[in-house]
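Chemist: This is the structure I want to talk about, given as structure tokens.
The values are calculated or read from the model by the stated rules, or taken from the named source; none is laboratory data. This is a predicted model, so every value here is computed, not measured. Cβ coordinates were reconstructed from backbone atoms using ideal geometry, including for glycine residues, and neighbour counts include every protein chain displayed. The area values use the complete protein model at the heavy-atom level, side chains included, leaving out ligands, DNA and RNA. Shrake-Rupley method; radii C 1.70, N 1.55, O 1.52, S 1.80 Å.
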Amino acid sequence: MPSIALLTAYAIEAIKQGSAAVGLVSKTHVVLAALKRNAEELGSYQKKIIKVDDHMGVALAGLAPDARILSNYLRQQAMSSKMVFNRPLSLSKAVHSIADKAQENTQSAGGRPYGVGLLVAGYDDSGAHLYEFLPSGSVLEYVGAAIGARSQAAKTFMERKLEDFPDASKEQLIEYALTALRDTLAQDKELNSANTTVAVVGVDQDFTVYDDDDVEPWLNLLDSLANTRNTALKEEDDDEDDDDNDGDKAASAEGQTATAPAAGAGDSSDSGTQPSAESESMDVDP
Amino acid sequence: MNHDPFHWGRPSADTYGEYNYNIAHASNADRSTSTNSEFPRMHTQQPMITGTSVIAIKYNDGIVMAADHMGSFGSLMKLDDLQRIIPVGKSAAVGISGDISDFQYLERLLDDLEIEDSYDMESDNLKADYLSEYLTRVMYNRRSKMNPLWNAIIVAGFDGKGELVLKHVDLLGVSYSSPTLATGFGNHLAIPLLRKKVDSEEDVKKLSKEDAIQTVKDCMKVLFYRDARSWNKYSLCVIEKSTQSIEIEKDVAVEGMRWDFAQHITGYGIPQL
Amino acid sequence: MQKAVPTTEYANEIRNEPIEHRFNPYSDNGGTILGIAGEDFAVLAGDTRQTTGYSINSRYEPKVFSVGDNLLLSANGFAGDATQLVKVFENRLKWYHFNHNKKLETASAARLIQHMLYGKRFFPYYVHTIIAGLDKDGKGEIYSFDPVGSYEREQCRAGGAAASLIMPFLDNQVNFKNQMDPASHGTKKREVRYLTLDEVIQLVRDAFTAATERHIEVGDGLEILIVTKEGVRTEYFPLKKD
């Protein structure tokens, strides 16, 4: 039987097997966008975004059944907060509650860690928040985050647009999220209403998931639905990727003390097991 | 006195005869038993040491609340320096009447809540509306177990938007809000006087802070005159919306009383406070 | 507990019967509610006074709620149970949305409430419950429940303190009971027809002003929630405060 530490590493690896999910935050809104996969032509598309309460929801990458367990747990927590205090569950309380559950699995024998990563998005008393949850039990807040296959490409895009997010409108934010998501596509794929799912929550809007026909208007915001990471951007991207790796080591060396959301620190979760994601994003280049 | 740890404090059976279970209103009181294990688990059937009325009124920029400092054991004045209005977090004050041991239990619950809340919250998140909901749930759950906390509670403070919250919760888990609230005897003696000043939210706008404080002071005097289980020292809690402040003043004394023979008091029998 | 007890400290009379000495977990918080279904709307109204005994707790404590999905819910009786019932229902509704991702039909809401009430058959929610909504054809519907879950779809129903005052009035004015067609010289019953929204609101207001006159636990304010296919809106009318 492999050691628990190894299992946790495998679990984080499982996230990368899952299709990509990205999240972005402005001062007023949080947007989630995810790529749905269907295992075979005849099958249905996998559910990528789960509503937890009127003010929060999650996007997942990895084992969907594990995500169901975690999101149902979050729903219960949110509901009991409503029941006992008539208070919407705060995002930080929510993510820490699943972090504690996940952490126990990394320490106790006989079980296995959750094989899923979550982007937890929500709007509470202290504003809009986006958290990344990993099977290790680590949770970090971000202004932009991406998990799943080829997510590095989305991160690279978001790092470039970082300054625009805080003051972006809801529509702009969705456009950014979809552009980031588009960057994770393989060459022969494109976003469409069947494989794209978008969710928004914010100051004036309850957590709403857009699927199928409902996602069409958002897709129309993009000029092209195919991956446009063409040769013009190639060299610049490669450079940035390299820079990130250096940044990662620095960030993880600091012991992830940063409380302020920073997209740059976001990569720390990938450090150590970088190669597969890297090679995937390399594949994209012709 | 019996010094056995399980019977500590009871009169020794040798001197005073068998312990009388009737004292505790136990349902097996008629059974002649002295073994401790057969003593039934007891729920509160009646309050023991009690605190009397809490009263509160809204004014144009806040809330004034008051409760006296006495804990009575039947007609005995058991405690004379008991603060029954307690601050909870930065946005709420809670006034509690009824059983004092249950009050102290609630005090501990609220303390725990405050500590728990300060662990992972950057800002004060224990708003008055959350608190009143929590207390309503606690009271309702306990009544549903047929083991109530024998109290009536008034929660006053601010919600997340800084708006005023004034709620009453009782031992059955019934909660309601109104611009004037009172528990216990206050419901009969103070509410008519308070409603004379404020009977609706419109009236609230017309009442100044000074007038509200004076009204509450007058009510505390009337309560001291007429409620035999009240005391002339009380806490006065003034909540101000514009400054988001909650101040609790202790040891406020009832002033301007007349205890002369009735015939010597001018105006006795005509309206006076 | 069987005990021989004197009726009072001063009396010689001895009673030999079980004595009741326990906590009473219920209280009656007064108030009245009223639901009427129309052709393409339904209303659920309640007064805003809450009482215990002879005391008025509050002159404005709403007890009719719009719980989402174009559904109105009100439970009248013991206010502690009433709020609990509404809260639990709202939770169950949320889970219904998570699990089924569709609107809860009024008929399904009614069945759910039956189970919630009967689930506490041996420690009941001490409330008279009424829900209002629109059915699949867009027609107004009212369901009313007894405290332990027995329920029925009706055209109209009054519940709570002044139910017995209002209900006969409704029988006559909504279902035209004991009304004859004037043209037939008392040989034919008056045909029932749907009332318009304006007629219903006037009827509700009359019912509550009348109940306020005759019942001490009813008064202060009247809140009428109206559900149509456009959604839910609320109207408030003052009632006498005495």
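Chemist: Identify all residues within region B:49-95 that are open to solvent by 20 Å² or more (accessible area, probe 1.4 Å) and in contact with a Pro (Cβ under 9 Å, 6 or more places away or on another chain); write none if there are none.
Modeler: B:Lys58
Chemist: Give region C:57-85 a look and list any residue that's of a type in the set (D, E, K, R) and within 14 Å of chain B (Cβ to nearest Cβ), or say none.
Modeler: Matches in region C:57-85: C:Arg59, C:Glu61, C:Lys63, C:Asp81.
Chemist: Give me the residue from region C:172-205 that is among the acidic types (Asp, Glu) and farther than 17 Å from C:Ala45 by Cα and, out of that set, most open to solvent (accessible area, probe 1.4 Å). Even if it seems obvious, please write down each step before you answer.
Modeler: At the first step, the residues of region C:172-205 found to be among the acidic types (Asp, Glu) are C:181, C:191, C:198-199.
The next check asks that each one be farther than 17 Å from C:Ala45 by Cα; those that pass are C:181, C:191.
Values: C:Asp181: 48, C:Glu191: 142 Å².
Looking at the filtered set, the residue picked out is C:Glu191.
Chemist: Test A:Thr184 against the criterion of being buried (at least 23 other Cβ atoms within 10 Å of the Cβ) and assigned to a loop (DSSP other than H, G, I, E, B), and give yes or no.
Modeler: yes
Chemist: Quick check, is B:Glu210 part of a helix (DSSP H, G or I) and either open to solvent by 90 Å² or more (accessible area, probe 1.4 Å) or modelled with pLDDT under 95 (or both)?
Modeler: Against the criterion (part of a helix (DSSP H, G or I) and either open to solvent by 90 Å² or more (accessible area, probe 1.4 Å) or modelled with pLDDT under 95 (or both)), B:Glu210 qualifies.
Chemist: On the given criteria, is C:Ile224 part of a strand (DSSP E or B) and open to solvent by less than 90 Å² (accessible area, probe 1.4 Å)?
Modeler: So C:Ile224 passes the test.
Chemist: Still on this structure: Name the single residue, out of those in region A:38-64 being open to solvent by 10 Å² or more (accessible area, probe 1.4 Å) and touching a Phe, Trp or Tyr at 6+ places or on another chain (Cβ under 7 Å), that is nearest to A:Asn192 (Cα to Cα).
Modeler: A:Asn38
Chemist: In region A:12-37, which residue that is of a type in the set (D, E, K, R), within 21 Å of A:Asn195 (Cβ to Cβ) and in a loop (DSSP other than H, G, I, E, B) is modelled with the highest pLDDT?
Modeler: If we take residues in region A:12-37 being of a type in the set (D, E, K, R), within 21 Å of A:Asn195 (Cβ to Cβ) and in a loop (DSSP other than H, G, I, E, B), then A:Lys36 is modelled with the highest pLDDT.
Chemist: Follow-up question, since we're still on this one. Sort through A:Lys48, A:Lys36, A:Lys101 and tell me the only one that's over 30 Å from A:Gln172 (Cβ atoms) and among the charged types (D, E, K, R).
Modeler: From the options A:Lys48, A:Lys36, A:Lys101, the qualifying one is A:Lys101.
Chemist: Please report, ordered by residue number, the strands (runs of 3 or more DSSP E) entirely within region B:79-162 with at least 2 residues that are within 14 Å of chain A (Cβ to nearest Cβ).
Modeler: B:151-158
Chemist: Which condition does B:Phe185 not pass, out of (1) within 25 Å of B:Asp81 (Cβ to Cβ); (2) more than 16 Å from the chain's Cα centre (by Cα), if it passes all the others?
Modeler: (2)
Chemist: How many residues does region C:30-56 hold that are more than 14 Å from chain B (Cβ to nearest Cβ) and either over 24 Å from B:Ser178 (Cβ atoms) or open to solvent by 10 Å² or more (accessible area, probe 1.4 Å) (or both)?
Modeler: Going through region C:30-56 one residue at a time, the tally reaches 9.
Chemist: Output the strands (runs of 3 or more DSSP E) that fall wholly within region A:70-143 and possess 3 or more residues being open to solvent by less than 40 Å² (accessible area, probe 1.4 Å) and within 30 Å of C:Thr83 (Cα to Cα), or say none.
Modeler: Answer list for region A:70-143: none.
Chemist: Counting only residues that are open to solvent by less than 100 Å² (accessible area, probe 1.4 Å), assigned to a strand (DSSP E or B) and touching a residue at least 12 places away in the same chain (Cβ under 8 Å), how many does region B:245-261 have?
Modeler: 5
Chemist: Taking the residues in region B:213-244 that are over 15 Å from B:Ala56 (Cβ atoms) and among the aromatic types (Phe, Trp, Tyr) as candidates, determine which candidate is least open to solvent (accessible area, probe 1.4 Å).
Modeler: By that ranking, first place goes to B:Phe224.
Chemist: Any idea how many residues of region B:163-203 are closer than 18 Å to C:Ala79 by Cβ, assigned to a loop (DSSP other than H, G, I, E, B) and open to solvent by less than 30 Å² (accessible area, probe 1.4 Å)?
Modeler: Total meeting the criteria: 6.
Chemist: Does C:Tyr26 meet the test of being under 17 Å from B:Val174 (Cβ atoms) and within 14 Å of another protein chain (Cβ to nearest Cβ)? Can you show your working first?
Modeler: On the way: under 17 Å from B:Val174 (Cβ atoms): yes; within 14 Å of another protein chain (Cβ to nearest Cβ): yes.
Considered against the rule, which asks whether it is under 17 Å from B:Val174 (Cβ atoms) and within 14 Å of another protein chain (Cβ to nearest Cβ), C:Tyr26 comes out as yes.
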